[in-house]
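Novice: Please read through the structure below; I'll follow up with questions.
The values are calculated or read from the model by the stated rules, or taken from the named source; none is laboratory data. Every value quoted in this text rests on a predicted model; they were computed, and no experiment measured them. Positions of Cβ are generated from backbone atoms using ideal geometry, with glycine treated the same way; all protein chains shown enter the neighbour counts. We work out accessible area using only protein heavy atoms, side chains counted, and drop any ligands, DNA or RNA first. Shrake-Rupley method; radii C 1.70, N 1.55, O 1.52, S 1.80 Å.
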Amino acid sequence: MEKIVNEKEYKDKFNEQYQTSFDTLKSELFLPAQQVGKNVESFGGKKYSYWKNVFKKLYTSWIFIASVVVILVVIITAFAAAGNAEAVPIATERPGLGPANPGWYSPIYGGDPQLYLFGFGNLGEDYFVETSVGTKWTLLFVLAVVGFQLVVGLTLGAIWGFFKKSDLFFINVTNVINLIPSLVFILLSINMAGIGFWPVILAISLQSWIGYAAATRVQIMLIRNREYNVMSRVLGTNPFKMIVRNILPKIAPVIVSIGAFVIPDAISLDTSLSYLKFGFVDGTTTTSLGYLIQATITHTTWLQYPGLLLFPIMIVFVISFFAFLICYKFANALNPNAHN
């Protein structure tokens with residue numbers, strides 16, 4: 001009886017306060033709500049596109065644009081000056097057969113003087129053409145080394161970091177490979193595969209992918225158990241799709257930053273292998289910047305003709321420095337946290 005009285009008092013008080021009927025409101029609460037429009041639950045604002053933001057940051061960065069232009073100039077100049085020749089350019093017709101500093105020189109049989117920007121090499125060849133040939137082969141060498149490391153290291157590192165059951169397998173494999181010192185491993189591989197461009201690339205890549213893979217594995221382990229990844233796993237998202245869409249955008253800045261240091265390392269390794277007579281060039285039919293540097297420092301001619309050493313080193317510095325700037329700005333653009 002008390003419950004009924006309290007409910008009646010509550011209804012009377014509600015009707016008096018809001019000037020309406022409580023019973024009418026109670027029945028209306030169970031009426032289905034009418035749909036106002038298709039976008040009633042949509043959020044306002046511009047649509048977000050990850051790659052659109054990445055490219056927007058790149059083409060609005062003058063450092064990135066300038067670095068790309070410099071690298072393109074080096075590539076175009078090297079391939080244009082080198083032409084289709086795979087051999088070191090022959091000696092020019094001029095007085096003397098040895099090296100010479102940059103300057104204007106006339107042909108031995110007369111004619112107008114010509115400007116030689118880099119002077120002449122040890123055999124009297126046009127050193128600008130020779131360094132262009134070396135730059136061409138060095139760029140191809142670096143591109144092959146970086147490409148192989150990136151594809152193999154990133155793929156195996158993603159599998160290693162995402163699937164816990166593969167951890168023991170990869171640890172044992174990498175431990176066995178790393179038991180042999182890097183240079184010794186490369187020399188043994190070249191001895192078995194033979195000296196040449198692709199055998200040297202293969203010999204270097206058989207061990208160098210481990211650094212990329214280990215870095216990728218660590219980065220994936222740090223974010224694979226984040227809330228959005230756990231939810232994707234619960235909803236049954238394909239592991240490959242999770243790696244590509246959820247994880248790679250987060251770890252891409254770190255991976256690209258590591259790649260910036262591979263270029264000078266590859267050139268340094270080319271120099272070391274050339275010194276040990278295991279390089280992919282022989283100095284007569286092909287050459288590289290590493291070989292030119294190694295061949296110059298073995299004698300003291302460069303003290304009298306410093307261009308023999310300075311010009312290859314200058315090209316190596318330009319390639320390494322501006323490639324680092326490109327990777328640095330690209331890594332910043334890939335970072336989702338930096339997007340508006």
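Novice: Which order do Lys11, Lys57, Lys165 take when ranked by solvent-accessible area (1.4 Å probe, heavy atoms of all protein chains), largest first?
Specialist: My answer, sorted largest first, is Lys165, Lys57, Lys11.
Novice: Next up: List the extent of the Cα atoms of segment 212-336 along each of their three principal axes, largest first, rounded to whole Å.
Specialist: Cα spread of segment 212-336 along its principal axes, largest to smallest: 70, 28, 22 Å.
Novice: Based on the mean of other Cβ atoms within 10 Å per residue, sort peptides 153-162, 293-302, 230-239 so the most packed one is first. Before the final figure, lay out the partial values.
Specialist: Values: 153-162: 21.6, 293-302: 16.1, 230-239: 11.2.
Peptide ranking by packing, descending: 153-162, 293-302, 230-239.
Novice: Now a separate question. Calculate the spin-label point distance for Ser272 paired with Phe163, positioning each point 7 Å from the Cα along the beta-carbon direction, and give it in nanometres.
Specialist: 3.3
Novice: I'd like the FRET efficiency for Trp62 and Leu117, computed as 1/(1 + (r/R0)^6) with the beta carbon distance as r and R0 of 41 Å, rounded to 0.05.
Specialist: 0.90
Novice: Hey, could you get me the Stokes-Einstein D for segment 127-235, Kirkwood radius over alpha-carbon pairs, 25 °C and 0.890 mPa s, rounded to whole µm² s⁻¹?
Specialist: Roughly 153 µm²/s, to the nearest whole number.
Novice: Can you tell me, using C-alpha contacts under 8 Å and at least 6 residues apart, the relative contact order of segment 105-257 as a whole percent? Display every interim value, and only then the final one.
Specialist: Numbers: 109 pairs, mean separation 36.1, N = 153.
Normalised by residue count, the contact order of segment 105-257 is 24 percent.
Novice: Give me the number: length gained by fully extending Asn191 to Val173, i.e. 0.36 nm times residue separation minus the C-alpha to C-alpha distance, one decimal in nm.
Specialist: Between Asn191 and Val173, full extension yields 4.3 nm more.
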